1. For the list (1) crowded, with 18+ Cβ neighbours inside 10 Å; (2) under 18 Å from Ala9 (Cα atoms); (3) not hydroxyl-bearing (Ser, Thr, Tyr), I need the number of the one condition that Val60 fails.
2. Test Arg47 against the stated conditions and say whether it is farther than 20 Å from Leu8 by Cβ and open to solvent by 80 Å² or more (accessible area, probe 1.4 Å).
3. Taking interchain pairs and intrachain pairs at least six residues apart, which have beta carbon atoms under 6 angstrom, with the first residue in segment 110-126 and among the polar types (S, T, N, Q) and modelled with pLDDT under 90 and the second open to solvent by 80 Å² or more (accessible area, probe 1.4 Å) and not in a helix (DSSP H, G or I)?
4. For segment 1-30, how many residues meet the condition of being within 22 Å of the chain's Cα centre (by Cα) and more than 21 Å from Val60 (Cβ to Cβ)?
5. Just to check your reading of the model, which residue among Ala71, Ala36, Ala83 is hydrophobic (A, V, I, L, M, F, W, C), loosely packed, with under 13 Cβ neighbours inside 10 Å and over 21 Å from the mean Cα position of the chain (by Cα)?
6. So in segment 86-116, with the set limited to residues that are open to solvent by 60 Å² or more (accessible area, probe 1.4 Å) and among the aliphatic types (A, V, I, L, M), which one is farthest from the chain's Cα centre (by Cα)?
7. Among the residues of segment 58-80, are any in contact with a helix residue (DSSP H, G or I) (Cβ under 9 Å, 6 or more places away or on another chain), among the basic types (Lys, Arg) and assigned by the TED database to the domain that holds Ala18?
8. For segment 50-58, indicate whether the set of residues that are more than 30 Å from Ser22 (Cβ to Cβ), modelled with pLDDT of 90 or more and outside any helix (DSSP H, G or I) is non-empty.
Amino acid sequence: MQINRTELADLGTFLAIARQRSFRRAGLELGVSASALSHALKAMEARLGVRLVNRTSRSVTLTAAGEDLLASLDAPFAAIGCALDVLNQHREPAKATGRIRLNVLEHASTLLLAPVLPLFHERHPQLELDVRVSNDLLDVVNAGADAGIR
């Protein structure tokens, strides 16, 4: 069975109402008015041909059909939420950790590194910098450094 975007949105609306047992609280969760949720649910019930919720001015309870739908949708929607959460690790930049060993000339340390080190440390607090200042001509890799400024 093919599901369209409107039906998927309606199912999300139903889930919020069913979990909250309140149009007002579900509206706050979804960022829409209680009235809009009520109309959306009414249209969904009409389209499906089955009543999902019993409403009074004081309470919202699920019908047997509503209970069945909630039981069927809860786990799949939770799985979709988890799948979307997994995407966050791809969206957020990776945190740099560990140690970087630099071997730099004295002038490079004062002119190039000193001005940017506070900002670098603020952006990468988990990263440890080991800076060795030397004016000797040497092979920085053989000296045990990861990089050098010469």
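1. (2)
2. no
3. Listed by first residue and then by second, the contacts come to Gln126/Lys95; Gln126/Thr97.
4. Final tally of qualifying residues: 2.
5. Result of the check over Ala71, Ala36, Ala83: Ala71.
6. Per the criteria, the residue is Leu111.
7. Within segment 58-80, none of the residues are in contact with a helix residue (DSSP H, G or I) (Cβ under 9 Å, 6 or more places away or on another chain), among the basic types (Lys, Arg) and assigned by the TED database to the domain that holds Ala18.
8. For segment 50-58, residues more than 30 Å from Ser22 (Cβ to Cβ), modelled with pLDDT of 90 or more and outside any helix (DSSP H, G or I): absent.
The values are calculated or read from the model by the stated rules, or taken from the named source; none is laboratory data. Not measured: the values here are computed from a predicted model. Here Cβ is always computed from backbone atoms with ideal geometry, including for glycine, and neighbour counts include all displayed protein chains. Surface areas here come from the heavy atoms of the whole protein model, side chains and all, with no ligands, DNA or RNA. Shrake-Rupley method; radii C 1.70, N 1.55, O 1.52, S 1.80 Å.
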